[in-house]
Amino acid sequence: MILHVDGNRVTRVSGDKDHPASFGSLCTKGSTVHQTIHTPDRLAHAQRRAVRAGGPFERVPLDVATQEVADRLRGIIARHGPDAVALYVSGQLSTETQYVANKLVKGFIGTNNIDSNSRLCMASAASGYKLSLGADGPPGHYEDFEHADGFLVVGSNMADCHPILYQRMKRRMREAGARLIVVDPRRTATAAGATLYLPVRPGTDLALLNGWLHLLVKMGRVDHDFIARHTDGWDSMGEIIDAYPPGRVAEITGLPVDDIIAGAKILADCPRWMSLWTMGLNQSARGTWNVNATCNLHLATGQICRPGSGPFSLTGQPNAMGGREVGYMSGGLPGFRSVHLARDRAETEALWQIAPGTIRPRPGPPAIDLFHAMDRGEIKALWVIGSNPVVTLPNGTRVRRALERAELVVVQDAYHPTETSRLAHILLPGTVWAEAEGTMTNSSRMVTLMPRAVPPPADARPDWWIVSDVARRMGFARGFSYGSAAEIHAEIRAGSNERNNHDLRGISHARLAAEGPLTWPLAPAAGEKSTLRRYVSADGRVRFPTESGRARFWARPYVPNAELPDDDYPFVLMTGRVAHQWHTRTKTGHVPSLNKLNPGPFLEINADDAVGLGVGEGDLLRVASRRGELRLPARPGTNIQPGCCWAPMHWNDLFAPGIAVNQVTSENACPESHQPELKFCPVHLERVPAEPDAAQAHHTLATS
Ligand SMILES: Nc1nc2c(c(=O)[nH]1)N[C@H]1C(S)=C(S)[C@@H](COP(=O)(O)OP(=O)(O)OC[C@H]3O[C@@H](n4cnc5c(=O)[nH]c(N)nc54)[C@H](O)[C@@H]3O)O[C@H]1N2
Ligand SMILES: Nc1nc2c(c(=O)[nH]1)N[C@H]1C(S)=C(S)[C@@H](COP(=O)(O)OP(=O)(O)OC[C@H]3O[C@@H](n4cnc5c(=O)[nH]c(N)nc54)[C@H](O)[C@@H]3O)O[C@H]1N2
Ligand SMILES: [Mo]
């Protein structure tokens, strides 16, 4: 992206034709992003308040605020131990910020209480990849889009959420006749362009994926040579393969037998195909299993480790990959290392120059449990950086209560108010991406250096700088005396981990500034080229980063969702995104052209169900689950199957009261990844009279 700057302001942005991932394309949110930098609600100063419940914030100098944060954290640690403190961070921060936050918590405070919003997003992909292939991260590259003959898109609305990649896929379909299968309970904009669209029942993808394995075996499309040379566990798959004939899969998924077979035929006929998925698979109580079952299909057919193939999870947030690399979830350490492994802990202790045995061997609580521990009073201080958990974690009432009970809540954001910053004691003013130097990594392992284009407003400072400043004031000057993001990056580079194929040695800020984006693994030698496919060497040898060097099959049966619809809660609510809004709208809420395109909340329901409920377009529906309720205007239509409804996650308490979808969602989570089931929530629907307040919801954020 190229920024056009006039004085201290970004006045316009345009696509960068030379960028090797976007080739100059921008989506609507990208082309308007300059309108989100200089807004009236930018948090430009630190603020604090003594009495939290409704008390006023007062502006304080940044060094007074960071000193107070340091002192109060130290006080809480002295009284209650390090496990009384927690950080909750974000895939929207630079890798350098994610790295120093993790280092402060796991290396210096001495707890593993740090988790990130990736827990709600990519955790299942991460744990699924680790189990199936040996390491986190997609094995292939965006370049594979230009070699594939087929695309299997499961639980991903790419047209709205990854529009640039969607265009890339459509081009391949136009130019090379590539075919597209879309599996989604809603006929989305992505489904509209499909060769074959499969309106699966929510939560039943595992049966379909296993059913396709069954059919591919029957069709003789299994690559026995690849299985024998590069995988373990095929012997254990017999029962699963036998158990999912098309008739049974049809019963579970609600799909016609012929369509299930047609899907298998497309996969069987395509010489090279990739699978692409996002939250429809990850945000499930069986998220990890969904990912394993997807990998099984690729391993069984040898559709991996060669151009145009492979399982490819599309990353949600701009830098969730960077965060996964530096281990910013509760069990991670830099270089895709893990707190579970003694060798990984020892290497990280050496990198951080701290005493052997400092890093604790047990992961801290994953996001949902972290807020439970706060609710129980065990965690007393929380520092949130770049996230809005009050409205993005499931069962929001409980999250809010946990924050209200905490002794200290610090929120480091670029805007105020947000639903979360309203509950803080201390606000720290972070920068947005155009105001600070730092790197981000995309799903293709391509690292881009974001230069500083404009100075931050008033007291706002780069997030890595604020974290390091608090760390120094806590007494950890030795580990946090960084003068620049480049210095932090040099340390990250020193933590490269070749066992996980994570080689950053050829990547530095200087080289990124001179040459543009670079892809890891990249060895330091001059002229060295990055490997596009991770587990294949230049001479074509395949080796997965497991003990045996082989990938692994996992038999993953279909299991029904934990909380199923019943007489009291007969509908299934799914939640997600629309094309022109971003998450909780702290940025997109400022852009009139985007708000014109997607002006407000709604509940999509099937037209026949709307008749049964007696509602028409815009009529208000009460949506109640076992945990809470909200009110949304109905949008009847035929794109969603009967018995299901769908609401966007974007409009929350700041827009209008009683509309935040996570008031009703459940905390049921995948046992392996701890990612919650945000895509499946049984609800009761009922027509209620229109409320004047809700109808007149304000379209811009309040600034008090
Ligand atoms: N416009 C826009 N783009 C974004 C974002 C944004 O906020 N706005 N956020 C970014 C982030 S962080 C993320 S994680 C991605 C998310 O990108 P996506 O995952 O593509 O978006 P979602 O709308 O969350 O969900 C995708 C689809 O999953 C389907 N689904 C629900 N349940 C099931 C199921 O059981 N099986 C299957 N197969 N499908 C199911 C839904 O109908 C929905 O169409 O988007 C990124 N891009
Ligand atoms: N029901 C339901 N809930 C969901 C989902 C769903 O599909 N359905 N999706 C989940 C997913 S995939 C995700 S990724 C999460 C997202 O959840 P969140 O991360 O909580 O949502 P955001 O609105 O992106 O919050 C980011 C915050 O960081 C601030 N910010 C932005 N840039 C910067 C910066 O550079 N520095 C600092 N300090 N702050 C910054 C923004 O102003 C905003 O307040 O939501 C999850 N919740
Ligand atoms: Mo996400």
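A short reminder: the numbers here are calculations on the coordinates, not readings from a lab. For clarity, every value in this text was computed on a predicted model and none was experimentally measured. Quick reminder, even Gly has a Cβ in these numbers, built from the backbone with ideal geometry, and neighbours come from all protein chains shown.
Side notes on the structure shown:
- Translational diffusion coefficient (Stokes-Einstein; Kirkwood radius from C-alpha pairs) of the range 200-344 at 4 °C, 1.567 mPa s, in µm²/s: 77 µm²/s
- Compactness check for the range 571-703: Cα Rg over 2.2 N^0.38 Å is 1.04.
- Cut-off under 5 Å, modelled amide H: who pairs with Tyr415 long-range: Leu43
- FRET efficiency, Ala690 to Gln67 (Cβ-Cβ, R0 41 Å, nearest 0.05): 0.20
- Rounded FRET efficiency, nearest 0.05, which uses the C-beta distance separating Arg49 from Asp258 and R0 of 56 Å: 0.30
- Whole-Å distance, taken between Cα centres, linking the range 237-272 and the range 360-399: 40 Å
- Between the range 461-512 and the range 115-172, the Cα center-to-center distance that results, in Å: 27 Å
- Positive-end extreme of charge dipole, the chain - chosen from Ala514, Ala414, Ile241 (charges on Cβ): Ala514
- Volume in Å³ per residue [convex hull over Cα atoms, computed for the range 126-304]: 110 Å³
- Lysines whose Cα lies under 30 Å from that of Lys679, excluding same-chain neighbours fewer than 8 positions away: Lys29, Lys130, Lys170, Lys265, Lys587, Lys596
- Based on C-alpha pairs under 8 angstrom that are at least 6 apart in sequence, the range 199-272 has a relative contact order of 49 percent.
- Both the radius of gyration and Dmax for the range 44-203 are 23.1, 66 Å, in that order, over alpha-carbon atoms.
- Near Ala634, once Lys and Arg are set to +1 and Asp and Glu to -1 for all other residues with Cβ below 9 Å from its Cβ, the sum equals -1.
- Packing rank of 354-367, 112-125, where each peptide gets the mean count of other beta carbons within 10 Å, highest leading: 112-125, 354-367
- Translational D in µm²/s for the range 376-437 (Stokes-Einstein at 4 °C, 1.567 mPa s, Kirkwood Rh from C-alpha pairs): 107 µm²/s
- Difference of contour (0.36 nm per residue) and Cα-Cα distance, Met219 to Arg543: 113.9 nm
- Computed over the range 126-304, relative contact order equals 32 percent, with contacts defined as Cα pairs under 8 Å that lie 6+ residues apart.
- Here the Debye sum runs over all C-alpha atoms of the range 462-539 as equal scatterers in vacuum, and log10 of I(q)/I(0) at q = 0.17, 0.18 Å⁻¹ comes out as -0.75, -0.80.
- When the convex hull of its Cα atoms is viewed from all sides, the range 349-489 shows a mean projected area of 10.5 nm².
- Across the range 1-97, the fraction of Cα-Cα pairs farther apart than 20 Å, rounded to a whole number, is 65%.
- The chain: proportion of alpha-carbon pairs further apart than 52 angstrom, %: 6 percent
- Net dipole in debye of the chain [+1 Lys, Arg Cβ; -1 Asp, Glu Cβ; about Cα centre; nearest 20]: 1020 debye
- Here the peptides 551-562, 224-235, 292-303 are ranked by packing, the mean other Cβ count within 10 Å, and the order with the highest first is 292-303, 551-562, 224-235.
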